[in-house]
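Reviewing the structure listed below.
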Amino acid sequence: MPSIKSLILQGEGVMLDFKKTITNTEKIAKSLVAFANNKGGKLLIGVADDGTIKGVKSEEEEKYMILTAAHQFCKPAIEPFFEEIYIDDKLVLIVNIPESDLKPHYALDDQNKWWAYIRIDDKTVLASKIIVEVLKNDHKDQGVLISYSDNEKVLLQYLADHDRITLKEFSKLLRCSYRKAQKILVNLILTNVIKAYTSEKEEYFVAV
C-alpha cells in the first residue's frame, strides 16, 4: 500500500478524492455512492483539491457528517471505515469505502430524489440507465451468451467499421425502441463483448 503522501502526489482519480472539509451531506453521499458502485475508494478529508494538506479541525464532526451521509443519504446504506493519520503535524481523516456487493447505491439530492453515481477518472458522474442496469446485474451469475442474434451481429459489424456507437445511433440502426437497444447493450457489457464509456457530456460503446 503506497503511503498517504505518495497517494496525494498521484492526485485525485477513480479511487481517490480529496475534501478540504465536509460541508454538505448530499454532496458527500454522491462521492460515497460513486465509490461503492465502482471498485471502492478513499476520501481524504483535510486535503485540498490541489493536494495541499490542510488538516481537519474536528475529526469527530467530520465523521458524524460522513456517517449521517452514509446511513441516511445513501440507499442501500454504506459502511465506510475510518483511519486517522498525521502528516506534517496535521490530521488527515481517511474514509475507506469498499466496493459494494449491493449495487447499485443511490444518493439523495436536495430535491428528495435518489440518483445512482459512478466514478469516472477524478469526477463523480450520474450513472445512465444502462450503467444502472449493468450495476444491478453485474454481481449475479451471468449465463454466457453463446450465440449472437442478428442484432448483436449488426452492432459488432458497425463497431468494426466505426469504432464507437451511442444508444441513439444503435436504436436507429436496429430501428427499434431505446428500451430494446438498451437491453442488448447491457447484455453485451455484462458478457464483456462491449465496454461503456461515460462522461458528463455523452455515453458511447466500443468493442472490447
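Some observations on this one:
- Screening LEU67, LEU44 for residues that are among the hydrophobic types (A, V, I, L, M, F, W, C), touching a residue at least 12 places away in the same chain (Cβ under 8 Å) and not in a helix (DSSP H, G or I) leaves exactly one candidate, LEU44.
- For the range 103-122, the set of residues classified as modelled with pLDDT under 90 and not acidic (Asp, Glu) consists of ILE120 only.
- Test for LYS42: is it more than 20 Å from TRP115 (Cβ to Cβ) and modelled with pLDDT under 95: no
So that you can scan it fast, the table gives a plain yes or no per residue for (1) among the polar types (S, T, N, Q); (2) more than 26 Å from SER199 (Cβ to Cβ); (3) under 13 Å from the mean Cα position of the chain (by Cα):
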position	(1), (2), (3)
ALA29	no, no, yes
ALA48	no, no, no
VAL56	no, yes, no
PRO80	no, yes, no
GLU83	no, yes, no
TYR106	no, no, yes
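- Of the listed requirements (1) without any contact (Cβ under 8 Å) to a residue 40 or more places away in the chain; (2) loosely packed, with under 13 Cβ neighbours inside 10 Å; (3) of a type outside the set (D, E, K, R); (4) not in a loop (DSSP other than H, G, I, E, B), ASN112 misses just one: (4).
- Checked against (1) part of a strand (DSSP E or B); (2) touching a Gly at 6+ places or on another chain (Cβ under 6 Å), VAL56 passes all but condition (1).
- Across the range 146-193, the number of residues qualifying as farther than 20 Å from GLU133 by Cα, free of Cβ contacts under 8 Å to residues at least 24 places away in the same chain and among the aliphatic types (A, V, I, L, M) comes to 4.
- Residues satisfying the stated conditions in the range 58-105, i.e. surrounded by fewer than 16 Cβ atoms within 10 Å (Cβ to Cβ) and farther than 22 Å from SER3 by Cα: SER58, GLU60, GLU61, TYR64, THR68, HIS71, GLN72, PRO76, ALA77, GLU79, ASP101, LEU102
The values are calculated or read from the model by the stated rules, or taken from the named source; none is laboratory data. As the structure is a prediction and not an experimental result, all values here were calculated from the model. Cβ atoms come from the backbone with ideal geometry, glycine included; neighbour counts cover every protein chain shown.
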